[in-house]
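To start, the structure under review is shown below, and the notes come after it.
The values are calculated or read from the model by the stated rules, or taken from the named source; none is laboratory data. Nothing here was measured: the structure is a model prediction, and the numbers come from that model. Neighbour counts are summed over all protein chains in view; Cβ atoms, including those assigned to glycine, are modelled from backbone coordinates with ideal geometry.
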Amino acid sequence: MIRFAAALLFAIIAATLALPPAAFAADAVPTEKDPVNSARAVKLTEELRCLVCQNQTIADSNAELAVDLRRQVREQIDAGKTDKEIIDYMVGRYGDFVLYRPPVKGTTLLLWGGPALLLLTGIGVIVVVLRGRQRMPDATPLSAEERARAEALLAGEPKKEQS
Amino acid sequence: MAKFLIPLGLFVVLLAFLFVGLGLNPREVPSPLIDKPAPAFTLAQLHEPGKTLATADMKGRVWLLNVWASWCVSCREEHPLLVELGRAKLVPIVGLNYKDEPLAGLRWLGQLGNPYDVSVVDRDGRVGIDFGVYGVPETFVIDKQGTIRYKQIGPVTAEALEKKILPLVRELQKS
């Protein structure tokens with residue numbers, strides 16, 4: 001029985017792995033023959049956000065718009081445009097939102113500075129708390145009686161057994 | 001007392017952020033094209049493919065550019081409003097038939113009514129990209145100098161029409 005179940009499981013896994021990723025196969029392959037340019041196309045499309053499925057790059061997305069924008073990128077590379085020109089072209093039409101790595105400027109300051117700010121705040125809180133804790137145990141020295149009791153305890157002669 | 005007030009204060013701040021954040025529509029990405037010249041295009045007309053319409057032809061008039069397609073579901077939603085607006089003849093409406101089969105587009109207008117003064121055909125969506133279109137329908141208000149003054153992302157609603165688009169159009173027509 002176990003052997004049968006194992007065989008079945010194996011068959012299912014094998015079948016899953018053998019399935020071709022049909023969804024991307026059709027158009028994800030860069031069309032140019034030039035390997036340098038196709039690498040550039042891949043790199044550029046991975047930098048650009050698809051505005052339809054907003055958490056995907058236009059390289060990942062299969063939305064129609066992403067297909068069109070991939071075509072634009074390839075055509076512009078073929079036309080001899082530089083990477084910067086292509087990025088500027090996209091930003092000019094879709095705004096900074098199209099960039100997966102937003103530029104540092106006034107409106108994005110909180111976005112870029114936020115994590116550092118939170119880290120500093122966290123460190124500040126820790127420092128304040130630790131300092132408060134250091135001060136907490138009362139610094140008054142032990143009285144003579146307490147000291148004697150402590151020493152007795154440490155020496156392993158509990159008071160109670162004596163009485 | 002302060003011990004409780006600090007977390008409470010932080011919680012209220014967090015709540016305020018969440019409240020504002022949930023109210024935002026992430027699909028509405030502000031267009032960098034506002035107050036920029038409308039991209040130049042020259043496209044064949046839907047009803048008379050022999051004729052073209054260019055951005056420059058609309059110079060001197062305030063006009064609306066409405067991006068639509070027969071496959072677009074939300075376009076149906078805004079269509080009655082556009083038909084009404086077209087009848088009122090307040091402002092010329094140019095339709096950009098975006099990534100659509102011209103025949104399907106014509107049939108769609110035949111069934112639902114044609115609010116457009118002219119529709120032009122953007123078969124492969126290139127002009128759409130120039131206008132930064134990413135979700136149909138979209139509507140642009142363009143002034144007499146050919147500058148984009150407003151962009152409605154998604155269907156035109158009665159509220160947007162009354163409060164934003166028509167007041168803007170009236171103001172632009174005066175200048």
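Inspect the stretch B:47-55 for any residue being assigned to a strand (DSSP E or B), farther than 19 Å from B:Ile165 by Cβ, more than 14 Å from chain A (Cβ to nearest Cβ) and among the polar types (S, T, N, Q) and give the result as yes or no. If you could, list the steps in order and put the result at the bottom.
Restricting attention to the stretch B:47-55, the residues satisfying the condition of being assigned to a strand (DSSP E or B) are B:52-54.
Narrowing further to those that are farther than 19 Å from B:Ile165 by Cβ: B:52-54.
Pick out the ones that are also more than 14 Å from chain A (Cβ to nearest Cβ) and you get B:52-54.
With among the polar types (S, T, N, Q) added as a condition, the list becomes B:52.
Yes, that holds for at least one residue.
In the stretch B:15-37, how many are within 14 Å of chain A (Cβ to nearest Cβ) and more than 16 Å from B:Glu138 (Cα to Cα)? Please lay out each step first, then the result.
At the first step, the residues of the stretch B:15-37 found to be within 14 Å of chain A (Cβ to nearest Cβ) are B:17, B:20-21, B:24-37.
After this cut, where a residue has to be more than 16 Å from B:Glu138 (Cα to Cα) as well, the list is B:17, B:20-21, B:24, B:35-37.
Looking only at that region, the number is 7.
All but one of (1) away from chain A (no Cβ under 14 Å); (2) among the acidic types (Asp, Glu); (3) surrounded by fewer than 17 Cβ atoms within 10 Å (Cβ to Cβ) hold for B:Asp143; which doesn't?
So the condition that B:Asp143 fails would be (3).
Condition check ((1) aliphatic (A, V, I, L, M); (2) closer than 11 Å to A:Val98 by Cβ) across all residues:
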{"position": "A:Ser38", "(1), (2)": "no, no"}
{"position": "A:Lys43", "(1), (2)": "no, no"}
{"position": "A:Arg49", "(1), (2)": "no, yes"}
{"position": "A:Val52", "(1), (2)": "yes, no"}
{"position": "A:Ile58", "(1), (2)": "yes, yes"}
{"position": "A:Ala63", "(1), (2)": "yes, no"}
{"position": "A:Gln72", "(1), (2)": "no, no"}
{"position": "A:Thr82", "(1), (2)": "no, no"}
{"position": "A:Glu85", "(1), (2)": "no, no"}
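Can you tell me which residue in the stretch A:93-132 is nearest to the other protein chains (Cβ to nearest Cβ), limited to those that are touching a helix residue (DSSP H, G or I) at 6+ places or on another chain (Cβ under 9 Å) and without any contact (Cβ under 8 Å) to a residue 12 or more places away in the chain?
Residue satisfying both the conditions and the ranking: A:Arg93.
Wholly within the stretch B:68-175, which strands (runs of 3 or more DSSP E) include no fewer than the required count, namely at least 1 residues that are without any contact (Cβ under 8 Å) to a residue 40 or more places away in the chain and among the β-branched types (Val, Ile, Thr)? Break it down into steps so the answer makes sense when it comes.
Numbers: elements: B:93-98, B:118-122, B:138-142, B:148-153.
Because the criterion is at least 1 residues that are without any contact (Cβ under 8 Å) to a residue 40 or more places away in the chain and among the β-branched types (Val, Ile, Thr), the strands (runs of 3 or more DSSP E) in the stretch B:68-175 that meet it are B:93-98.
Going residue by residue through the stretch B:13-33, is there one that turns out to be touching a Gly at 6+ places or on another chain (Cβ under 9 Å), surrounded by 10 or more Cβ atoms within 10 Å (Cβ to Cβ) and modelled with pLDDT of 90 or more?
Step one: of the stretch B:13-33, the residues touching a Gly at 6+ places or on another chain (Cβ under 9 Å) are B:25, B:27-33.
Now drop any that are not surrounded by 10 or more Cβ atoms within 10 Å (Cβ to Cβ), which leaves B:27-33.
Okay, now just the ones that are also modelled with pLDDT of 90 or more, so B:33.
Yes, because at least one residue in the stretch B:13-33 is touching a Gly at 6+ places or on another chain (Cβ under 9 Å), surrounded by 10 or more Cβ atoms within 10 Å (Cβ to Cβ) and modelled with pLDDT of 90 or more.
Return the pairs, sorted by first residue and then second, in which the second residue is among the aromatic types (Phe, Trp, Tyr), the first residue lies in the stretch B:48-62 and is closer than 25 Å to B:Gln173 by Cα, the beta carbons are less than 7 Å apart, and the residues are 6+ apart or on different chains.
Here the result reads B:Ala54/B:Phe41; B:Thr55/B:Phe41, each pair linking the stretch B:48-62 to a residue that is among the aromatic types (Phe, Trp, Tyr).
Determine the pairs where a residue that is facing another protein chain (nearest Cβ under 9 Å), located within the stretch A:51-76, has a partner that is surrounded by 18 or more Cβ atoms within 10 Å (Cβ to Cβ) and among the β-branched types (Val, Ile, Thr) with Cβ atoms under 6 Å apart, the partner being 6 or more residues away or on another chain.
From the stretch A:51-76, the pairs are A:Leu69/A:Ile58.
Have a look at B:Asp124, B:Asp100 and point out the one that is surrounded by fewer than 15 Cβ atoms within 10 Å (Cβ to Cβ) and not polar (S, T, N, Q). Talk me through it step by step, then tell me what you get.
Values: B:Asp100 fails: surrounded by fewer than 15 Cβ atoms within 10 Å (Cβ to Cβ).
Of the residues listed, the single one that is surrounded by fewer than 15 Cβ atoms within 10 Å (Cβ to Cβ) and not polar (S, T, N, Q) is B:Asp124.
Does at least one position in the stretch B:95-116 carry a residue that is under 19 Å from B:Phe41 (Cβ atoms), within 12 Å of the chain's Cα centre (by Cα), modelled with pLDDT of 95 or more and not hydroxyl-bearing (Ser, Thr, Tyr)? Walk me through it before giving the result.
In the first step, residues of the stretch B:95-116 are kept if they are under 19 Å from B:Phe41 (Cβ atoms); the result is B:95-100, B:102, B:105, B:116.
Applying the additional criterion that residues be within 12 Å of the chain's Cα centre (by Cα) yields B:95-96.
Then keep just the ones that are modelled with pLDDT of 95 or more; that gives B:95-96.
Right, trim to not hydroxyl-bearing (Ser, Thr, Tyr) and you get B:95-96.
The answer is yes; a qualifying residue exists.
Can you report the number of residues in the stretch A:83-106 which are over 22 Å from the mean Cα position of the chain (by Cα) and either under 17 Å from A:Glu46 (Cβ atoms) or modelled with pLDDT under 85 (or both)? Break it down stepwise before answering.
Quick first cut of the stretch A:83-106, residues over 22 Å from the mean Cα position of the chain (by Cα) only: A:83-95, A:106.
Checking the rest, the ones that are also either under 17 Å from A:Glu46 (Cβ atoms) or modelled with pLDDT under 85 (or both) come to A:83-84, A:86-87, A:89-91, A:94, A:106.
Residues in the stretch A:83-106 being over 22 Å from the mean Cα position of the chain (by Cα) and either under 17 Å from A:Glu46 (Cβ atoms) or modelled with pLDDT under 85 (or both): 9 in total.
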